Amino acid sequence: MNINVCLTLFILTSYPAKAQVQISTLTDKNDHSFPLIHAKNTTIANNINRYLQSNILSNEKMETSPTKIFENSKYINTDSNQQAGYTGLNYKVAVNNAQILSLSFDIESMGAHPEHYKEYYNFNLHTGNLIAAKDLFTTAGLNYLRKFLSNERNSRINQFISEEYSKSEDSTLIKDTYKECNEKADENNISIAAYEIVFYKEYCFPHVARPYDTDLDVVCKIKQLEKYLTEPGKKLLLLKK
């Protein structure tokens, strides 16, 4: 076996025995790693694999070879070939039970400038579809979340500006940028863990002004949100541990 390019297969034994899917890891010579989902229901597994590879790797068809899977997304900078792409890519499994598969990706990319960020994906293992907030929360629950997230982030923003940039010559720009950024609650930006949901917020500022950003991710215990869940949402999130 080529030691620089390998396919590492392993079953994640740290997750419950009722886990519906198994995950193998595709790893290339640059130590980029990507999940490959396996399930008795191949349609569900294929739905998840195709979605992840299309959205993260820009692959038009599902690849299972570590020598091919990163071809469209890796960073290349040679005399004969330049391609913006990933300089680092790894993942973690947050939840893998009979109801939900929750994954997080740690990504470093290079284009006009280097970037580091995370992406989160949560799948319904009965369908293989991505989970959206409307799948989990009632209409009243969604209205509550939008208001709650906006208010919580606004409090953090005000405190951050007051502590760090109240006397800055850019204070007006900072306030205006945050005001526009916080107009959207982004309730669909969710990362599901065993007992909580993280409603994450992406960067509000461009790369050159990244020091003005602060953490706007909001963590909520699932039990605290129970009264706002739909019946399907309860079945997904309140599975007995």
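Sort out which residues of the stretch 196-208 are out of contact with any Asp or Glu (no Cβ under 8 Å at 6 or more places or on another chain) and modelled with pLDDT under 95, and write them in order of number. Steps first, answer last, please.
First, pick out the residues of the stretch 196-208 that are out of contact with any Asp or Glu (no Cβ under 8 Å at 6 or more places or on another chain): 196-197, 206, 208.
Correct list: Pro206, Val208.
Against the test of being over 28 Å from Ala94 (Cα atoms), open to solvent by less than 80 Å² (accessible area, probe 1.4 Å) and either among the hydroxyl-bearing types (Ser, Thr, Tyr) or touching a Pro at 6+ places or on another chain (Cβ under 9 Å) (or both), the options Ser150, Ser171 yield a single qualifying residue, Ser171.
Is it the case that Thr139 is at pLDDT 95 or above, surrounded by fewer than 16 Cβ atoms within 10 Å (Cβ to Cβ) and not hydrophobic (A, V, I, L, M, F, W, C)?
Details: at pLDDT 95 or above: yes; surrounded by fewer than 16 Cβ atoms within 10 Å (Cβ to Cβ): yes; not hydrophobic (A, V, I, L, M, F, W, C): yes.
Considered against the rule, which asks whether it is at pLDDT 95 or above, surrounded by fewer than 16 Cβ atoms within 10 Å (Cβ to Cβ) and not hydrophobic (A, V, I, L, M, F, W, C), Thr139 comes out as yes.
Given the residues Ala94, Ala112, which is the only one that is open to solvent by 40 Å² or more (accessible area, probe 1.4 Å), within 30 Å of Thr25 (Cα to Cα), part of a strand (DSSP E or B) and in the same structural domain as Thr27 (by the TED database)?
Details: Ala112 fails: part of a strand (DSSP E or B).
After ruling out the rest, the residue left standing is Ala94.
The values are calculated or read from the model by the stated rules, or taken from the named source; none is laboratory data. Computed from a prediction, not measured in an experiment: that's the story for all the values here. Neighbour counts run over all protein chains shown; Cβ positions are idealised from the backbone, glycine included. Keep in mind that these areas ignore ligands, DNA and RNA; they rest on the heavy atoms of the full protein, side chains included. Shrake-Rupley method; radii C 1.70, N 1.55, O 1.52, S 1.80 Å.
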